[in-house]
Structures are given as structure tokens and as C-alpha cells.
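For reference, the structure is listed below as C-alpha cells.
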Amino acid sequence: MLERFIEDVLIEENRLNSNDGNSSEMGAYALQWSFLQDMNLVFVAIYQRIVPLLYIRELLEEVKKVCFFHFIEFLSFMCRLF
């Protein structure tokens, strides 16, 4: 599933027939993702579609903030290498 997400969304920039640009469904699973553009990072949450999780978008944003603030120096260094 993650491989399909990478191919369809990240490589081909296909939004998997999604109404919302950052969410999709694949079989029994739902996916939501968020980009950290400055660092070229993608945060993805995959969960069973049958369980409606209304807080996923907020969770992704909080994880993004925490990762950014905790790893900013390391991420900046790595981005300069590539």
C-alpha cells in the first residue's frame, strides 16, 4: 500500500481519485498525508477505513511540528547534501 502511495502520489503526482488533495482510500484502508515542503518530507497516516478517525489531520500537523523543531539542524544538514 505504501509503495502504491509513493508511485501514485509522490512520483506521478496522481491524487488517487481524491476529493481532498491530501487523502485517499485504498481498499479497506484510508490514507492522509501532509508535506513539509522546506525539508522534502512526507508524513503519512494509514488506518482502517471502517474506523472514522476525525483527528488524523491535526495529528499529522502536530507530528510535523514536533519533527521539524526536534530535527531542524539534522534535516537542514541532510537537505544540503542532496
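The values are calculated or read from the model by the stated rules, or taken from the named source; none is laboratory data. What you see is a predicted model; the values in this text were computed from it and never measured. We place every Cβ from the backbone using ideal geometry, glycine too, and count neighbours over all the protein chains shown.
So which residues in the range 55-69 are aromatic (Phe, Trp, Tyr) and modelled with pLDDT of 90 or more, if there are any at all?
First, the residues of the range 55-69 that are aromatic (Phe, Trp, Tyr): 55, 68-69.
Correct list: Tyr55 only.
Can you tell me which residue in the range 1-54 is modelled with the lowest pLDDT, limited to those that are over 14 Å from the mean Cα position of the chain (by Cα) and at positive phi?
Per the stated criteria, the residue is Asn17.
What residue, of Ile72, Ile50, is assigned to a loop (DSSP other than H, G, I, E, B), out of contact with any Pro (no Cβ under 7 Å at 6 or more places or on another chain) and over 19 Å from Ile6 (Cα atoms)? Break it down into steps so the answer makes sense when it comes.
Values: Ile72 fails: assigned to a loop (DSSP other than H, G, I, E, B).
Within the list Ile72, Ile50, the selection yields Ile50.
Out of curiosity, is Phe43 over 17 Å from Arg4 (Cα atoms) and either part of a strand (DSSP E or B) or of a type in the set (Phe, Trp, Tyr) (or both)?
On the way: over 17 Å from Arg4 (Cα atoms): no; either part of a strand (DSSP E or B) or of a type in the set (Phe, Trp, Tyr) (or both): yes.
Answer is no for this residue.
Could you check the range 54-70 and list, in sequence order, the residues that are of a type in the set (A, V, I, L, M) and either within 16 Å of Asp38 (Cα to Cα) or in contact (Cβ under 8 Å) with a residue 24 or more places away in the chain (or both)? Spell out how you get there, then give the answer.
From the range 54-70, those of a type in the set (A, V, I, L, M) are 54, 56, 59-60, 63, 66; that's our starting set.
Matches in the range 54-70: Ile56, Leu60, Val63, Val66.
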